[in-house]
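Some notes on the structure that comes next.
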Amino acid sequence: MIFEHFLLDVNEANAFLLGCEETREALLVDVGDWDARIEQCLRDHALRLTKIFITHDHYDHTAGLRQAIAATGATAYSGSGRADGQRTQRLAHGDTSVIGNITGRVVATPGHTPEGICLIIPGMAFTGDALFAGSVGGTSSRANAEQQIAAIRSHLFALPGHYEVHPGHGPSSTIGIERRHNPFFNP
């Protein structure tokens, strides 16, 4: 598997590119900006961007979506069926996303936003703004915070500890580190 991380200028949001080495298909997780480095990476690895996975519908994760689709013809997927003001293919908890020989599983993590979803592939979890290294995404109410914490405990913390956590902002971590040390779960 080809794996690349891009730190974007829009709110220092992360974008992640996954590529299948056999089929040369690629998936981009979040696209706060259609950065020239992403296009260059696709060319360098001879990849075709066929899917864009949106973890949640905030502009710092979607602002480059129109440009990315125009440049590549990729299909966008999100938890709401809309992102950056345009229609996307809707994904729900339990759905799968296949990119070449890589199969991902979608888990719902509402709280930061109602439509928040994460993508889990073998060894990695792309958590958007649900789970950060040492923190969680902000919520608008106590009920939303409790919903988000419950979803993380149920769907993400059930993963093996060695799974990498790749959030929408900040550094990556592991499930094991977050389960043991994240203050939102170990007050």
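The values are calculated or read from the model by the stated rules, or taken from the named source; none is laboratory data. On a predicted model such as this, the values are computed, not experimentally measured, just so you know. Here the Cβ is made from the backbone with ideal geometry for all residues, glycine too, and neighbour counts use every protein chain on show. Quick note on the areas: whole protein, heavy atoms, side chains included, nothing else; ligands and nucleic acids left out. Shrake-Rupley method; radii C 1.70, N 1.55, O 1.52, S 1.80 Å.
Before moving on, here are some points about what is shown:
- Selection of the range 1-49 for residues being β-branched (Val, Ile, Thr) and modelled with pLDDT of 95 or more yields ILE2, THR23, VAL29, VAL31, ILE38.
- Selection count where residues are in a loop (DSSP other than H, G, I, E, B) and either on the phi < 0 side of the Ramachandran plot or crowded, with 24+ Cβ neighbours inside 10 Å (or both), scope the range 95-122: 11
- Any chance ALA125 is open to solvent by less than 10 Å² (accessible area, probe 1.4 Å), in contact with a Leu (Cβ under 9 Å, 6 or more places away or on another chain) and not in a helix (DSSP H, G or I): yes
- A residue that is open to solvent by 60 Å² or more (accessible area, probe 1.4 Å), within 30 Å of GLU146 (Cα to Cα) and touching a residue at least 40 places away in the same chain (Cβ under 8 Å) cannot be found anywhere in the range 15-32.
- No other residue among GLN89, GLN40, GLN67 is over 21 Å from ILE117 (Cβ atoms), open to solvent by 40 Å² or more (accessible area, probe 1.4 Å), without any contact (Cβ under 8 Å) to a residue 24 or more places away in the chain and not basic (Lys, Arg) apart from GLN40.
- Of the residues making up the range 159-169, not a single one is closer than 14 Å to PRO110 by Cβ, at pLDDT 95 or above and out of contact with any His (no Cβ under 8 Å at 6 or more places or on another chain).
- For the range 128-156, filtered to residues that are in a strand (DSSP E or B) and in contact with a Phe, Trp or Tyr (Cβ under 7 Å, 6 or more places away or on another chain), the residue that is least open to solvent (accessible area, probe 1.4 Å) is VAL136.
- Restricting attention to the range 48-64 and to residues that are open to solvent by 20 Å² or more (accessible area, probe 1.4 Å) and not β-branched (Val, Ile, Thr), the residue that is nearest to PHE6 (Cα to Cα) turns out to be ALA63.
- Taken across the range 40-50, residues that are at positive phi and in contact with a Gly (Cβ under 8 Å, 6 or more places away or on another chain) do not occur at all.
- In the set HIS162, HIS169, only one residue is in contact (Cβ under 8 Å) with a residue 40 or more places away in the chain and open to solvent by 20 Å² or more (accessible area, probe 1.4 Å); that residue is HIS169.
- Filter result for GLY81 (over 25 Å from ILE175 (Cα atoms), open to solvent by less than 40 Å² (accessible area, probe 1.4 Å), free of Cβ contacts under 8 Å to residues at least 24 places away in the same chain and out of contact with any helix residue (DSSP H, G or I) (no Cβ under 7 Å at 6 or more places or on another chain)): yes
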